[in-house]
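A.B. asks: Could you have a look at this structure, given as structure tokens, before my questions?
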């Protein structure tokens, strides 16, 4: 990670008041993991928040699709959910 052992100890014990995203990302990378950042504008209108959530779910479903073995039957369900639920939410903030 390129940081001191004490920094890693503070990160692992959640005792680092100055923790930044870069530290978390570097720690995850050192463990062979990725970090996904999700934002939420709690002051946004409900329709906008629904769009934000739908975009995040669509991204997660795409990642899921990539790691699932081919031909196990989830492809159609993911495509159906994405097209019939997520896409309308992303386009106009509400489902059909």
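Nothing in this text is a laboratory measurement; each read-out follows from the coordinates by a stated rule. In this text, all values refer to a predicted model and were calculated from it rather than measured experimentally. Neighbour counts run over all protein chains shown; Cβ positions are idealised from the backbone, glycine included.
A.B. asks: Just from its helices, what would the mean residue ellipticity at 222 nm be for the chain, if runs of 4 or more DSSP H residues each count -39500 (n - 2.57) and the sum is divided by every residue, rounded to the nearest 500 deg cm²/dmol?
C.D. replies: -16500 deg cm²/dmol, from helical runs alone.
A.B. asks: How much length would be gained if the chain were fully extended between residue 56 and residue 37, taking 0.36 nm per residue of separation minus their Cα-Cα distance, in nm to one decimal?
C.D. replies: On the way: separation 19, 0.36 × 19 = 6.84 nm, distance 0.96 nm.
In short, 5.9 nm is gained.
A.B. asks: Also: Starting from the Cα gyration tensor of the chain, take the square roots of the eigenvalues, sort them a ≥ b ≥ c, and report rounded, prolate or oblate (rounded when a/c is under 1.5, otherwise prolate if a/b is larger than b/c, else oblate). List each step's numbers first, then the result.
C.D. replies: Values: a/c = 4.87, a/b = 1.66, b/c = 2.93.
In terms of gyration-tensor shape, oblate.
A.B. asks: How much length would be gained if the chain were fully extended between residue 77 and residue 29, taking 0.36 nm per residue of separation minus their Cα-Cα distance, in nm to one decimal? Walk me through the intermediate numbers first.
C.D. replies: Values: separation 48, 0.36 × 48 = 17.28 nm, distance 3.19 nm.
That pair, residue 77 and residue 29, stretches by 14.1 nm at full extension.
A.B. asks: Within a 10 angstrom radius of the beta carbon, how do 29, 7, 70 rank from fewest other beta carbons to most? Show your work: numbers first, answer last.
C.D. replies: On the way: 29 12, 7 17, 70 7.
Going from least to most buried by this count: 70, 29, 7.
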